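Bear in mind these aren't lab numbers, they're just calculated from the coordinates by the rules spelled out. The model shown is predicted, which means the values in this text are computed figures rather than measured ones. Note that each Cβ is placed from the backbone with ideal geometry, even for glycine, and that neighbours are counted across all protein chains shown.
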Amino acid sequence: MSRAALLVLADGRFPAGGHAHSGGAEAAVKAGRITGRASLEEFCRGRLHTAGLVAASLAAAGVLGVDVRELDAAADARTPSPALRVAARKLGRQLIRAGRAIWPSEELDAVAREFPKGAHQPVVLGAVARAAGLGALDAAYCAAYECVSGPASAVVRLLSLDPFDATGVSARLAPEVDRVADRAVEAARGAVDEGVDVLPAGSAPLLEISAELHAAWGVRLFAS
């Protein structure tokens, strides 16, 4: 198992399209819910323990070999917002393209054939992590970290926030990312024996509502 592969996959420069998405931060900025470092940290914390935990669990379960079709259906059930479903599948399609180019495997080819319009991004993340020789905890860390780092990076552009402050948010949340990743792996192991219904289904209604409003904007900086 190569830890360097995890660094490649979690790198913000990985060509999977994540830089074009704010994780709900753009809508939160416009609504006045994110105004600076402190409110960004609270936003990221809330996202980490809801959508982040769900994504990390799905990714970890994928590495452990839970059926991709079942995981994708579980992701759909945990994503009420049509706009977020579209965004997740678009990101999944971009990620599978990158994964197949970097870590070619028959398994990734099969996922691409099964989901020509893209599976949910966390589901694809699990498959790509598996192809890269990574473990379930690695995939969970990658998903949980992206949940925090994506909005933090976006707010630098949206508010001209000091990059030191944005990075400081990610650093302060690191212990919580650890705990979320551990919880995600534990849940994923349960899904191997008991099915996907035991995976977390943490809800973030305001993120879902904001995503629908954001998708209707005529002009926006980020896709979601």
Per-region count, the range 4-29, residues without any contact (Cβ under 8 Å) to a residue 60 or more places away in the chain and either in a loop (DSSP other than H, G, I, E, B) or basic (Lys, Arg) (or both): 2
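Give the residue that is surrounded by the fewest Cβ atoms within 10 Å (Cβ to Cβ), with candidates limited to residues of the range 153-194 that are among the small types (Gly, Ala, Ser) and under 15 Å from ALA61 (Cβ atoms).
Kept after step one, since they are among the small types (Gly, Ala, Ser), are these residues of the range 153-194: 153-154, 160, 166, 168, 170-171, 174, 181, 184, 187-188, 190-191.
Remaining after also requiring under 15 Å from ALA61 (Cβ atoms): 181, 184, 187-188, 190-191.
Details: ALA181: 26, ALA184: 30, ALA187: 22, ALA188: 29, GLY190: 16, ALA191: 22.
Looking at the filtered set, the residue picked out is GLY190.
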Residue tally, condition surrounded by fewer than 21 Cβ atoms within 10 Å (Cβ to Cβ) and over 21 Å from GLU70 (Cβ atoms), over the range 104-136: 2
All positions within the range 33-43 that are part of a loop (DSSP other than H, G, I, E, B) and buried (at least 16 other Cβ atoms within 10 Å of the Cβ): ARG33, ILE34
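Inside the range 89-114, can you point out the residues that are farther than 23 Å from ALA5 by Cβ and touching a helix residue (DSSP H, G or I) at 6+ places or on another chain (Cβ under 9 Å)?
So the first thing to find is which residues in the range 89-114 are farther than 23 Å from ALA5 by Cβ, and the list is 89-90, 113-114.
The answer is ARG89, LYS90, GLU114.
What do you reckon, is LYS30 closer than 22 Å to ALA216 by Cα and either among the hydrophobic types (A, V, I, L, M, F, W, C) or surrounded by fewer than 17 Cβ atoms within 10 Å (Cβ to Cβ) (or both)? Quick ask: steps written out before the conclusion?
Working: closer than 22 Å to ALA216 by Cα: yes; either among the hydrophobic types (A, V, I, L, M, F, W, C) or surrounded by fewer than 17 Cβ atoms within 10 Å (Cβ to Cβ) (or both): yes.
Yes; evaluated as a whole, the condition is true for this residue.
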Some residue of the range 60-81 being basic (Lys, Arg) and assigned to a loop (DSSP other than H, G, I, E, B): yes
